[in-house]
1. Take every Cα pair under 8 Å in the chain that's 6+ residues apart, average their separations, divide by the length, and report that relative contact order as a whole percent.
2. Leaving ligands, DNA and RNA out of it, work out the accessible area of residue 35 with a 1.4 Å probe and give it in Å² to the nearest 10.
3. If each residue of separation counts as 0.36 nm, what is the full-extension length gain between residue 120 and residue 26 once their alpha-carbon separation is subtracted?
4. Using a 1.4 Å probe, what is the accessible area per residue for the stretch 120-182, in Å²?
5. Enter the angle in degrees (range 0 to 90, nearest 10) between the Cα long axis of helix 42-56 and the first principal axis of the Cα atoms of the chain, meaning the one along which they spread out most.
6. Can you list which of the trypsin sites (Lys or Arg not before Pro) found in the stretch 57-123 are DSSP loop residues with at most 12 other C-beta atoms within 10 Å?
7. Let me cross-check residue 11: its accessible surface, 1.4 Å probe, with only protein heavy atoms counted, in Å² to the nearest 10?
8. For the stretch 85-182, what % of the accessible area comes from carbon and sulfur atoms, probe 1.4 Å?
Amino acid sequence: MTAAPQHPETMSLEQWCALGEDTSARFELVRGVVDVSPRPRLDHAEAMIGLCHQIRGQIDRSHRCLAEIEVVIDGGARPTIRVPDVVVFECGAGQPMPAERVRLVVEILSPNNRRTDQVVKRAEYERAGIDAYWIVDLDDGPSGVLLTLVDGAYRAETVRGAFTATVPCPLRIDLNALSPQA
């Protein structure tokens with residue numbers, strides 16, 4: 001007879017918030033369980049900074065754009081806290097960031113996170129009501145999938161090179177500028 005698998009201890013939102021800062025890895029809370037992944041590779045980190053720079057120059061003073069901040073997707077008994085690569089949110093929002101104050105999240109694909117970003121996080125961000133979710137693929141051109149919330153569901157548009165988005169506000173983004181060769 002084999003022993004039943006042990007379920008990991010779950011953590012509440014309050015316990016998560018009481019933890020200290022740790023930048024040795026990337027930590028998220030998924031249904032109350034801590035999920036750990038390696039820090040982004042160099043081209044991924046450069047793209048995050050480049051995208052933040054492009055967005056910051058175009059948003060109004062009522063919004064902020066930051067990289068890698070915690071967003072509470074579900075604050076219930078088994079909370080989920082994600083750390084998107086880029087987040088545009090309303091000024092005055094507290095920490096941890098409530099999803100209802102977030103207007104745009106961006107995830108940049110890495111070899112180990114493709115399914116999570118394209119399927120799992122897409123569903124989570126959609127359920128949380130986040131207005132726009134962009135998935136950037138540096139290895140494909142680069143290219144992007146812009147997901148915009150319409151009647152509670154994401155509608156997708158694939159883009160390459162320079163494009164204009166209307167959500168969360170009019171933005172002109174150049175994906176080619178995110179490439180390390182740029």
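The values are calculated or read from the model by the stated rules, or taken from the named source; none is laboratory data. Please read these numbers as outputs of a predicted model, since none were measured by experiment. Every residue, glycine among them, receives a Cβ derived from its backbone with ideal geometry; neighbour counts consider all protein chains shown. Each accessible area value is taken on the protein alone, full model and side chains, heavy atoms only, with ligands, DNA and RNA left out. Shrake-Rupley method; radii C 1.70, N 1.55, O 1.52, S 1.80 Å.
1. Relative contact order of the chain: 16 percent.
2. Result for residue 35: roughly 70 Å² accessible.
3. Full extension of this stretch gives 32.1 nm more.
4. Numbers: 3060 Å² over 63 residues.
Averaged over the residues of the stretch 120-182, the accessible area is 49 Å².
5. Tilt relative to the chain: about 60 degrees.
6. In loop regions of the stretch 57-123 (DSSP not H, G, I, E or B), the sparsely surrounded trypsin sites (Lys or Arg not before Pro) are 61.
7. 40
8. That share works out to 46 percent.
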